[in-house]
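Remarks on the structure that follows.
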Amino acid sequence: MKHIKLIAICLLALPIMGIAQNKQTTDFDILDSNQDGIVNPYEALDVLLMMSKDNSEDIRLDNISKLAIKIRNEQKQEVLDLLKDVDKNKNDIIEFSEADDEVLWFLRFMDKDKSESVTKQELLDFNFEEAFFLNEKDIQKEIKQIFKEFTKTENIVLKELHDTISSEFEEWDLNRDGQVSKEEAFDYMKADNTPVAFTVNGNIAFMSGVITANTPAKVLELIYEHPYVETIEMIHVPGSIDDVANLRASLYVHQFGLNIKLNERSIIASGGTDFFLAGKERTVAKGAKIGVHSWSGGSKPATELSKNHKSHQKYLDYYRIVNIPDDFYWYTLEAAPAHDIHFMTEEEMELYKIRTN
């Protein structure tokens, strides 16, 4: 599964509390970024830091309401902008025929009544993370179907597949022996369907999973609860379903001066690659895979937007902060379309200052 960078759709994963007309919330619900009904202190800290950065006023109890309303309105506007951009016949419904392939992939999650269309209310009510991740039973079912299609033996042998298909399964070959076992397939797909988690051992925090709206809180928890951790070792981080939160989490890593390393079996891609670039020292072992691709938002892919379009700016600002050349951003847009992935060569890593070792 490829985790696709989106500008508009990714924001549906943010805490859009109270923007749907049929939901009642309190001002402090805005602090519950994963919408589980519990305000974790690090979730609250992340939201308060975001509020503090975006507002010149002090965050006082008597202006929490004003700030909460502002954030909700901004998030609602992102959804409405998506609707405006993709809804070509302006009937407040996005028909599948109006969307490009990348956006269509996400719209299918929202189409609960199988009408091949998504209404404005469905957009506002949609909980992206709940719909996105497969449970273990569904993962096992999908693996069974895949192995039935591509092999008659216990393992999928990469050299026996067509080159295009083989490159897709290459990521699954976690021990790099040229074949994929069902155990490897499960481990890969499990990480592809699980929010980021950190496992601490000494001064190293091992990171695996998909970056979500709750990842900034997870990073803050790591920083404050484990102050002796110096390095994050990324194992399998296939991407992000919330680019805004990803950049925020990455900047926390950068601001606190944590190092990031990839071992010889590490696989990162898309938003995972952006996160890696936040490391003060960035180590890449031989054999590690670093994937990049373009993003798509609304009715146009990033490559069709002018270079001075405002949608590019958040990425350019981030890369400048972490001392990555602007050229890297434009390279990622051309390296592969949003639905595909390109794994960087040694020469490309050197050219774009990916590693510091």
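Sorted by packing (mean other beta-carbon atoms within 10 Å per residue), highest first, where do 210-221, 257-268, 37-48 land?
210-221, 257-268, 37-48
So, counting K/R as plus one and D/E as minus one, what does the shell of residues with Cβ under 13 Å around Ile93 add up to?
Once positives and negatives cancel, what remains is -4.
May I ask you to evaluate 6.51 cos²θ - 1.76 cosθ + 1.60, the Karplus curve with θ = phi - 60°, for each residue of the stretch 180-194 and list the ³J(HN,Hα) values in order in whole Hz, giving x for glycine and proline?
Once rounded to whole Hz, the list reads 10, 8, 5, 5, 5, 4, 5, 4, 5, 5, 5, 5, 6, 10, 9.
Can you tell me how the stretch 164-228 classifies by the Cα gyration tensor, rounded, prolate or oblate, using a/c under 1.5 as the rounded cut?
Because a/c hits 1.5 or more and a/b exceeds b/c, the stretch 164-228 counts as prolate.
What number comes out for the charge environment of Glu281, summing +1 per Lys or Arg and -1 per Asp or Glu over other residues with Cβ under 11 Å away?
+3
Order of Ile165, Ile324 from fewest to most other C-beta atoms within 10 Å?
Ile165, Ile324
Be a star and scan the stretch 131-150 for residues whose amide nitrogen sits under 13 Å from the point 7 Å along the Cα-to-Cβ vector of Phe186.
Output list for this probe position: 136-144.
Provide the net charge surrounding Ile260, with neighbours chosen by a C-beta distance below 12 Å and charges set as Lys +1, Arg +1, Asp -1, Glu -1.
Residues near Ile260 contribute 0 overall.
Rule-based calculations on the coordinates, nothing more; no lab input. Everything numeric here is computed off the predicted structure, so don't read it as measured data. Positions of Cβ are generated from backbone atoms using ideal geometry, with glycine treated the same way; all protein chains shown enter the neighbour counts.
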